[in-house]
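Worksheet: one structure, shown below.
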């Protein structure tokens with residue numbers, strides 16, 4: 001019998017424990033004793049190290065979402081987002097760009113081409129006119145609801161650096177009572193950067209044509225599974241694309257993956273139109289943010305989608321009906337893997353799938369989403385469980401997309 005003494009150091013004191021091991025011979029016992037000494041573990045340092053390692057693994061997704069959503073990138077000005085995407089994907093495959101800025105990462109050697117697309121751009125504005133008094137008139141880049149704009153902080157991206165501003169209109173105190181009840185339209189609003197003349201604006205570096213971005217930082221809410229940020233539409237799709245490439249860099253897959261971060265989706269699906277020509281896919285999965293219906297005023301028949309209840313499958317939008325066999329594959333995979341799945345139908349709006357599914361003679365396409373509250377505003381909210389389950393579902397679906405399965409989608 002060989003005895004070891006293990007000392008455990010904690011903040012409350014030292015605890016010792018002896019352990020005995022029965023060895024088959026004296027020679028082996030002597031050999032073990034020669035190579036072994038008493039063991040001392042200081043839990044004051046070991047436990048924090050273990051906790052830190054676990055936390056670093058868990059928070060990689062949160063870190064990725066924070067980096068992507070904090071980056072500024074309205075349509076046609078996605079360079080900051082593109083830099084983040086490149087930093088993550090350049091080591092994961094063969095990376096190229098189309099001629100308007102969409103990033104394309106090819107991973108794998110043999111098999112059918114599977115395109116995973118999420119768009120980098122977020123809704124924003126562009127400076128269209130500078131008044132003599134130093135106010136900026138703007139045009140929207142993407143779909144804005146006028147009611148969510150007034151009083152919001154924005155950042156004007158200039159050649160001299162970022163300039164902070166706020167969206168304003170006539171003060172309510174100076175508006176006739178009857179007019180106060182009316183919706184203020186964008187054309188009546190302006191950006192105020194604290195200038196008092198056109199010269200002040202020029203000295204700040206602002207020019208007509210400069211992009212304007214919502215000023216809103218990523219934050220974890222009181223419920224730590226709820227994330228608040230601008231641009232979840234569609235940085236959440238970019239994050240899923242990146243993590244899919246990271247996953248399959250370590251696992252075999254029966255296809256060639258093309259992770260694509262497209263540009264200018266919010267102004268007409270432009271990056272999808274060009275990048276699909278480069279990829280020429282056999283099948284496509286669009287990675288999007290979806291609309292949560294779990295807010296006051298939404299009837300269940302309008303949207304039954306709720307945060308925390310699983311990723312969504314878009315069964316209809318204004319410009320695309322998904323390939324039905326691919327839709328069923330997603331549903332069956334979710335059931336097999338015990339992943340909650342919600343269904344969404346959008347009578348207004350479309351995704352990159354509208355352009356991609358009409359490429360050449362057609363591409364079997366489906367949209368998988370992560371629901372967000374308050375979409376197309378300065379801030380929106382997603383649930384971490386929905387994101388994680390979307391990633392699990394995508395991994396399961398892609399593993400099933402072999403030659404025979406994809407061929408069967410169009411028979």
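The values are calculated or read from the model by the stated rules, or taken from the named source; none is laboratory data. Worth saying up front: this structure is predicted, and the values here are computed from it rather than measured. Virtual Cβ from ideal backbone geometry, glycine too; neighbours counted across all protein chains shown.
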ask   = Would you call residue 321 in the same structural domain as residue 268 (by TED's automatic domain parsing) and either more than 21 Å from residue 411 (Cβ to Cβ) or touching a strand residue (DSSP E or B) at 6+ places or on another chain (Cβ under 7 Å) (or both)?
value = no
query = Which of the residues belonging to region 240-262 are closer than 18 Å to residue 67 by Cβ and in contact with a strand residue (DSSP E or B) (Cβ under 8 Å, 6 or more places away or on another chain)?
reply = 240, 241, 242, 244, 245, 259, 261
ask   = Here are some residues: 232, 248. Which one is in contact with a helix residue (DSSP H, G or I) (Cβ under 9 Å, 6 or more places away or on another chain), under 24 Å from residue 400 (Cβ atoms) and at pLDDT 95 or above?
value = 248
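Whether any residue in region 147-166 is surrounded by fewer than 16 Cβ atoms within 10 Å (Cβ to Cβ) and in contact with a helix residue (DSSP H, G or I) (Cβ under 6 Å, 6 or more places away or on another chain) is what I want to check. Spell out the reasoning first.
Going residue by residue through region 147-166, those that are surrounded by fewer than 16 Cβ atoms within 10 Å (Cβ to Cβ) are 147-148, 150-151, 153, 159-162, 164, 166.
Checking the rest, the ones that are also in contact with a helix residue (DSSP H, G or I) (Cβ under 6 Å, 6 or more places away or on another chain) come to none.
Within region 147-166 (the criterion being surrounded by fewer than 16 Cβ atoms within 10 Å (Cβ to Cβ) and in contact with a helix residue (DSSP H, G or I) (Cβ under 6 Å, 6 or more places away or on another chain)), the answer is no, since none of the residues qualifies.
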query = For residues in region 203-213 being surrounded by fewer than 23 Cβ atoms within 10 Å (Cβ to Cβ) and touching a residue at least 12 places away in the same chain (Cβ under 8 Å), which is farthest from residue 126 (Cα to Cα)?
reply = 204
remark   = In region 73-112, anything surrounded by fewer than 18 Cβ atoms within 10 Å (Cβ to Cβ) and assigned to a strand (DSSP E or B) is listed as 94, 95, 96, 97
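Quick check on residue 192: is it closer than 18 Å to residue 80 by Cβ, touching a strand residue (DSSP E or B) at 6+ places or on another chain (Cβ under 8 Å) and modelled with pLDDT of 95 or more?
Details: closer than 18 Å to residue 80 by Cβ: no; touching a strand residue (DSSP E or B) at 6+ places or on another chain (Cβ under 8 Å): yes; modelled with pLDDT of 95 or more: yes.
No.
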request  = Name, by its number, the condition in (1) in the same structural domain as residue 397 (by TED's automatic domain parsing); (2) more than 23 Å from the chain's Cα centre (by Cα) that does not hold for residue 98.
outcome  = (2)
ask   = Looking at 225, 186, which one is in the same structural domain as residue 131 (by TED's automatic domain parsing), surrounded by 15 or more Cβ atoms within 10 Å (Cβ to Cβ), farther than 21 Å from residue 80 by Cβ and under 31 Å from the mean Cα position of the chain (by Cα)?
value = 186
remark   = By my count, strands (runs of 3 or more DSSP E) wholly in region 329-409 with at least 1 residues that are more than 30 Å from residue 220 (Cβ to Cβ), free of Cβ contacts under 8 Å to residues at least 40 places away in the same chain and more than 20 Å from the chain's Cα centre (by Cα) are 342-345
query = Can you find a residue in region 262-269 that is outside the structural domain of residue 190 (by TED's automatic domain parsing), in contact with a helix residue (DSSP H, G or I) (Cβ under 7 Å, 6 or more places away or on another chain) and not in a loop (DSSP other than H, G, I, E, B)?
reply = yes
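Please go through region 270-303 and pick out each residue that is in a loop (DSSP other than H, G, I, E, B) and crowded, with 17+ Cβ neighbours inside 10 Å.
So the first thing to find is which residues in region 270-303 are in a loop (DSSP other than H, G, I, E, B), and the list is 280-282, 292-303.
Correct list: 281, 282, 292, 293, 303.
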